[in-house]
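Report on the following structure.
What follows is calculated from the coordinates using simple rules that are stated; it is not laboratory data. From a predicted model like this one, the values you see are computed outputs, not experimental measurements. Neighbour counts run over all protein chains shown; Cβ positions are idealised from the backbone, glycine included.
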Amino acid sequence: MVVLAASIVSKSGKVLVSRQFVDMSRIRIEGLLAAFPKLVGTGKQHTYVETENVRYVYHPIEALYLLLVTNKQSNILEDLDTLRLLSKLVPEYSLSMDEEGICKTAFDLIFAFDEVISLGHKENVTVAQVKQYCEMESHEEKLHKLVLQSKINETKDVMKRKASEIDKSKIEKNRGDKGGFMSLQSMGSGKIDNGLGDMGISSGGGGGFGSSSGFGLGADVESFSSKPKGRPPSSATAPPKGLGMQLGKSQRTNQFLESLKAEGEVIVEDVQPSVGPSKSAAPPPTDPVTLSVEEKLNVSLKRDGGVSNFDLQGTLSLQILNQEDAHIQVQIETGGNPGILFKTHPNMNKELFSNENILGLKDPNRPFPTGQGSEAGVGLLKWRMQSTDESMVPLTINCWPSVSGNETYVSIEYEASSMFDLRNVVISVPLPALREAPSVRQIDGEWRFDSRNSVLEWSIVLIDNSNRSGSMEFVVPPADSSVFFPISVRFSAATTFSDLKVVNILPLRGGAPPKYAQRTQLIAENYQVV
């Protein structure tokens, strides 16, 4: 008996796994396996087919065939026995009897076939023996691993003991430095007290010499004793506590942070507080007068269409650098949106604003506050708008999840209103827990997968007339449609709903009006599709 090859093929003739046990060219084995589906008949009881040169002995396994290709001189009873043993081994290594399951465990099946058949002849083995041989368990290997692990644990214990000894020595050293300083302080104060007693000088001070001497000594004592006790002077160069272990700690921390970054987590580095302004903050104003218009948008859209909540809040703030420019009035104009309700600051002249759209203080002789920094601005006007009209929404999101087989296809599209040009748009879609990033099939823009929070972020730098609509499609494992909500959106725009503009600055004390600048921004504070 000589087994030429053991193979697993689909009923359509596709070869999934094939192991040859004699010298045979690839063209010949491919020809033999390609001819097999044409020879298999339907409705026949026997499971072998003979040709002029070879014999096919096969066993159906669901939608597959387990196939032995032998020569015609082999013993068919032994061939059937070999086929039965192989049919028991295949389910042991492949969890699913389909093409995907067989291909995933192809090498394990080939190793198992080699243990059953050697040089074309069947070995006298059982299923349990084949599994044991393939696992290749070794008592010596286990013993070597145990010894190696014990050495590692012993090294860790020695490292911990050394670290604790170093910490103890540093603590004792600090105690010694503290004791020496305290004795020096007590000795100095004792000498001063003795000197005062010998000279007969009281703390109140009497004559010229006594009062002056007493004041000088008291100042020295106060300045000396005001230093923190138990801490060396600023000129000392003793190393700070814990400096010896700082290098290793920072390395472990950096490794941990690097691993988080590799998983997609955004890491914010700790920085020391500085006196200067932050880089991420808005640049400080350079013009004498700066007026800032800011609108914050809170929107909740329904996933099936419609607006659940639309709330817009806006503010107009004034910042003046110099005191000589503080006696002014601000003339503005609005876009005439009837849904916006304006409300002035209590110190503003409401009649002047309602009649002439001029913002000025009730007391014309009172100047506006001045100063620099992000907190120096003063609010002049605020407004609010609420609506349920979907046409007022600057950006709508449609999400269409659909399950097909073992995958979920998710199509997301956006449509932007022509009222605004949106900048730095980020659409965050929650995903089910995934080990790997989703397969993005099509996207208008860029995408990033945050594995730590299981969120897919779709980024568009600018949405203008060239891309008022866009779409993205990705594939994930089967999941319920509610997993992909709520969808969060972030963006900003240089125009606002109120279309508020500063027309002129009116000086109250004559002269040329000061130079001014206007900053306008619309931001999505809380924008979701639920």
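Compute the Cα gyration tensor for the range 285-529, then decide on rounded, prolate or oblate, letting a ≥ b ≥ c be the square roots of its eigenvalues: rounded whenever a/c is under 1.5, prolate when a/b is larger than b/c in the other cases, and oblate in all that remain. Walk me through the numbers on the way to the answer.
Values: a/c = 3.24, a/b = 2.58, b/c = 1.26.
Verdict is prolate for the range 285-529.
Would you check the range 285-529 for Lys pairs whose C-alpha atoms are within less than 19 Å, ignoring same-chain pairs closer than 8 in sequence, and give me the count?
The result is 12.
Taking a virtual spin label 7 Å from the Cα of Thr315 along the C-beta vector, which residues in the range 383-404 bring their backbone nitrogen under 16 Å of it?
383-385
Which aspartates and glutamates, on any chain, are close to Lys38 with Cα under 18 Å apart, when same-chain ones fewer than 8 places away are left out?
Glu30, Glu50, Glu52
Relative to the Cα centre, what is the charge dipole magnitude of the range 1-80, using +1 at the beta carbon of each Lys and Arg, -1 at the beta carbon of each Asp and Glu, and rounding to the nearest 20 debye? Provide the component values of the computation, followed by the final result.
Numbers: 9 positive and 7 negative charges, 47 e Å.
Computed charge dipole of the range 1-80: roughly 220 debye.
For Lys11, which aspartates and glutamates qualify as cross-link partners when the Cα separation must be under 12 Å and same-chain residues fewer than eight apart are set aside?
Output for Lys11: Glu62, Asp98, Glu99.
Within 10 Å of each candidate Cβ there may be at most 14 other Cβ atoms; applying that plus a DSSP loop requirement, which trypsin sites (Lys or Arg not before Pro) in the range 472-521 survive?
Details: sites: Arg490, Lys501, Arg509, Lys515, Arg519; in loops: Arg509, Lys515.
Passing sites in the range 472-521 are Arg509, Lys515.
Out of the GluC sites (Glu not before Pro) in the range 309-358, which ones are loop residues according to DSSP with at most 14 other C-beta atoms within 10 Å?
Details: sites: Glu324, Glu333, Glu351, Glu356; in loops: none.
Sparse-neighbourhood loop GluC sites (Glu not before Pro): none present.
For the range 292-399, calculate the relative contact order in percent as a whole number, restricting contacts to Cα pairs under 8 Å that are 6 or more residues apart.
Working: 179 pairs, mean separation 39.5, N = 108.
Rounded, it is 37 percent for the range 292-399.
How large is the dipole of the range 423-530 about the Cα centre if only Lys and Arg carry +1 and Asp and Glu carry -1, each at its Cβ, rounded to the nearest 20 debye? Before the final figure, lay out each step's value.
Values: 11 positive and 10 negative charges, 132 e Å.
Computed about the Cα centre, the dipole is about 640 debye.
With a Förster radius of 45 Å, plug the Cβ-Cβ distance of Asn398 and Ser169 into 1/(1 + (r/R0)^6) and report the FRET value to the nearest 0.05. Spell out each step's value before the answer.
Values: r = 67 Å, r/R0 = 1.49.
Rounded to the nearest 0.05, the efficiency is 0.10.
In debye, nearest 20, what is the charge dipole magnitude of the range 112-174 about its Cα centre with +1 on Lys and Arg Cβ and -1 on Asp and Glu Cβ, if you could check?
Working: 12 positive and 12 negative charges, 135 e Å.
Using only the charged Cβ atoms, the result is roughly 660 debye.
Once the piece of chain linking Val22 and Ser482 is laid out straight, how much longer is it, given 0.36 nm per residue of separation minus the C-alpha distance between them? Mind showing how you got there, number by number?
Details: separation 460, 0.36 × 460 = 165.60 nm, distance 5.67 nm.
Additional length available on full extension: 159.9 nm.
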